[in-house]
Amino acid sequence: MCGIVGYIGEQDATSILLNGLKRLEYRGYDSAGVAVVNGGLTVKKRVGKVSVLDRVLQTEPVSGTVGIGHTRWATHGAPNDLNAHPHTDEDGEIALIHNGIIENYAALKKKLAADGYTFRSETDTEVLVVLIRAFYDELGDMAKAFRYALKQVVGAYGIAMVSAFDPNRLYVARNGSPLAIGIGDGEFIVASDASAIVQHTRQVVYLDDGEMAVIERDRYVTKRIDDDTTVDKEVEEVEFDLAEIEKGGYDHFMLKEIFEQPETIRNAMRGRLDSEASTVRLGGLMNVIDRLRDAQRLIIVGCGTSFHAGLVGEYLIEGLAGIPVEVEYASEFRYRDPIITKDDIVIAISQSGETSDTLAALREAKRRGAMTLGIVNVVGSSIARETDAGVYSHAGPEIGVASTKAFTSQLMVLALMAVKLARMKRMSASEGEAVLAALRELPEKVEYALSRHEQIQEIAKAYAQAPNFLYLGRGYNYPVALEGALKLKEISYIHAEGYPAAEMKHGPIALIDENMPVVFIAAQDGVYNKVVSNIEEVRARNGRVIAITNEGNQQIEGLAEHVIYVPETLPFLSPIINVLPLQLLSYYMAVERGCNVDQPRNLAKSVTVE
Ligand code: M6R
């Protein structure tokens, strides 16, 4: 949520900031702006996408070698020029960008106003920069002013600041919202994630909560905000390549990421299949695997698509390994005073590793003494660092706001975990061998399922104007129905609901008429015949059925208006294949409707506010 970038070095800051903002735009796209030190401070900011700011900067160039840039996902105040970041103090001598929420901004604003300070915007961020100015007026020391102001702030932030008073320094801080410092040769580039840094350097330092850094061209110092003590930070290497964060010839990141899935699924199991022992090897869980095996209960927390992966995880781990699992929205878990004991294991699932609610749920679980595990995609992210152990999903950078490849990689990791635990408990070696064989075949099957994209594009054309959709599935494919509905909602703005198929008759069936498309996930598994009955019920009410089923299942032809065939696999792996047509359907529907696929309205990739 909100992209932050900052630069200090010898090069032209504006172009580096703009490039960084383009890479970070998936984090928010309500407005964009830069502030560059050049004698004084020049600020340019506009409502709209980074491209709008880009055009402004072409006609009104700003030069300088120190600056900050921001792309906004609005929290306080409507998206407009005035509320766009950077924000400055009244005299325009200190500029600040912020990702997060200052919760006590109203009280701070009242006090500052009483002291004679004035405000132009409706944002919480402006209050913070004015507070820094107030401390600077009192102390005449920018580092102190920055730190003292932050000590008064309650809330979450990743911030960067430049000032005309201190033109050769860049200030950054973090509390709850990510911030990385890229270390170049005589230059530093800071950003809310490494995608804006990797073009310049692979060496990064990730700030932890409660830390700040003062950066000059040839050095930086990291400190604790509360007591000013210096912290030695480990320099880490960014693993991904530039090509991974570019579109590579596809029209949209989402489409590219959908088609990357044969490879990302391969990556999720690379080095993790142990043929000799007919089991799975998960290095990240090595030290905790016995505790996992003996756990009385696992609790999975996540949000959005990651929550849906968790639901599949529940079916997987209970079904294969016989360990009780509960799945909860992280946002509910964190505030509802959950009963957790030190015998519980809480598993946080997150693509970004930065989702505020998931991070808070994880911290709550820790506070109550539970062991915590992570299934995370972004290496070095907050959740990855704060969990006791975990497994990376290795999907590579996911830029499209709608999560696709990260979901199937999460499912892969959950399946691997379930198989590992099952083999330790009740799955025989020969069953293990069969599972490994099915896993090895999966990338090709995924590729085959994706090769059906033209048929799905045709279906999307036929239904692009439908106002509502229902998605129904059972068993392992019930969460897939939820995920299909979420995908459609978020990128094509069509109202869609996902349900366990049998629940339809307890309410949603009232919606069914000749205008209601109903997508059934009708995998030929133990509940297939039940799903067929549900299809009949929809047909009897003239609903328009789109069915996803296995190759060779001709029975369904007579029941559905459209049948999308996918390769068969083991039932517990079927969500990984069945979700693919749903991803493609939502993508093509959004394209047909002229929606901005990669940057759907009101959304942002990483939700770092509550
Ligand atoms: O980064 P996370 O996996 O923690 O993100 C959780 C959700 O915000 C995310 O899955 C969201 O629902 C996606 N936009 C769905 O496509």
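The values are calculated or read from the model by the stated rules, or taken from the named source; none is laboratory data. Being a predicted model, the structure only gives us computed values, none of them experimental. Backbone-built Cβ (ideal geometry, glycine too); neighbour counts: all protein chains shown. Heads up: the accessible areas ignore ligands, DNA and RNA and are worked out on the full protein's heavy atoms, side chains in. Shrake-Rupley method; radii C 1.70, N 1.55, O 1.52, S 1.80 Å.
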Practice prompt. Kindly indicate which of N529, N553 is out of contact with any Gly (no Cβ under 9 Å at 6 or more places or on another chain) and either surrounded by fewer than 16 Cβ atoms within 10 Å (Cβ to Cβ) or at positive phi (or both).
Written response: N529
Fill in: Selection status of I189, within 25 Å of K151 (Cβ to Cβ) and open to solvent by less than 10 Å² (accessible area, probe 1.4 Å)
no
Worksheet item: Could you give every pair whose Cβ atoms fall below 7 Å, whose first residue belongs to the range 143-167 and is in a loop (DSSP other than H, G, I, E, B), and whose second residue is charged (D, E, K, R), counting only separations of at least 6 or pairs across chains?
Response: V154/E103; A164/E93; F165/E93
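Filter the range 90-120 down to residues that are under 31 Å from the mean Cα position of the chain (by Cα) and crowded, with 20+ Cβ neighbours inside 10 Å, then give me how many there are.
Initial filter on the range 90-120 (under 31 Å from the mean Cα position of the chain (by Cα)): 95-106.
Next, only the ones that are crowded, with 20+ Cβ neighbours inside 10 Å stay: 95-102, 105.
Of the residues in the range 90-120, 9 are under 31 Å from the mean Cα position of the chain (by Cα) and crowded, with 20+ Cβ neighbours inside 10 Å.
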Worksheet item: Scanning for something open to solvent by less than 60 Å² (accessible area, probe 1.4 Å), modelled with pLDDT under 95 and touching a Phe, Trp or Tyr at 6+ places or on another chain (Cβ under 9 Å), does the range 457-470 turn up at least one residue?
Response: no
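Say whether the condition of being of a type in the set (S, T, N, Q) and farther than 28 Å from P600 by Cβ is met by at least one residue in the range 66-87.
Taking the range 66-87 and keeping what is of a type in the set (S, T, N, Q), we get 71, 75, 80, 83.
Keeping just the survivors that are farther than 28 Å from P600 by Cβ gives none.
No, there is no match, as no residue in the range 66-87 is of a type in the set (S, T, N, Q) and farther than 28 Å from P600 by Cβ.
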Item to complete: Among the residues of the range 286-306, count how many are at pLDDT below 95 and among the small types (G, A, S).
Response: 1
Discussion item. Condition first: surrounded by fewer than 21 Cβ atoms within 10 Å (Cβ to Cβ) and outside any strand (DSSP E or B). Now tell me which residues in the range 170-186 satisfy that.
Written reply: G184, D185, G186
Worksheet, complete the sentence: Note on the range 211-229: residues assigned to a loop (DSSP other than H, G, I, E, B) and surrounded by fewer than 17 Cβ atoms within 10 Å (Cβ to Cβ) are E216, D218, R219, D226, D227, D228, T229
Worksheet item: Is there a residue in the range 282-292 that is away from the ligand (no atom under 16 Å from the Cβ), outside the structural domain of E25 (by TED's automatic domain parsing) and closer than 25 Å to I577 by Cα?
Response: yes
Discussion item. Restricting to the range 561-598, give me the number of residues that are surrounded by fewer than 22 Cβ atoms within 10 Å (Cβ to Cβ), polar (S, T, N, Q) and within 16 Å of the ligand (Cβ to nearest atom).
Written reply: 1
Practice prompt. Among the residues of the range 23-44, count how many are more than 23 Å from E10 (Cα to Cα) and out of contact with any Leu (no Cβ under 6 Å at 6 or more places or on another chain).
Written response: 7
Discussion item. Kindly evaluate A449 against the criterion of being surrounded by 20 or more Cβ atoms within 10 Å (Cβ to Cβ), in contact with a strand residue (DSSP E or B) (Cβ under 9 Å, 6 or more places away or on another chain) and part of a helix (DSSP H, G or I).
Written reply: yes
Discussion item. Looking at the range 591-610, I want the residues that are outside the structural domain of T404 (by TED's automatic domain parsing) and have a partner that is of a type in the set (V, I, T) and open to solvent by 30 Å² or more (accessible area, probe 1.4 Å) with Cβ atoms under 6 Å, at least 6 apart or on another chain. Which pairs are those?
Written reply: V609/T75; V609/I101
Discussion item. Yes or no: the range 41-50 includes at least one residue that is out of contact with any Cys (no Cβ under 6 Å at 6 or more places or on another chain), of a type outside the set (A, V, I, L, M) and closer than 20 Å to V597 by Cβ.
Written reply: yes
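Looking for something over 17 Å from G374 (Cα atoms) and either among the hydrophobic types (A, V, I, L, M, F, W, C) or in a loop (DSSP other than H, G, I, E, B) (or both) - is there at least one such residue anywhere in the range 298-309?
Start the filter on the range 298-309 by keeping residues that are over 17 Å from G374 (Cα atoms), which leaves none.
No, the range 298-309 contains no residue that is over 17 Å from G374 (Cα atoms) and either among the hydrophobic types (A, V, I, L, M, F, W, C) or in a loop (DSSP other than H, G, I, E, B) (or both).
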Worksheet item: Within the range 269-285, can you find the residues that are modelled with pLDDT of 95 or more, open to solvent by 20 Å² or more (accessible area, probe 1.4 Å) and not small (G, A, S)?
Response: R272, L273, D274, E276, R281
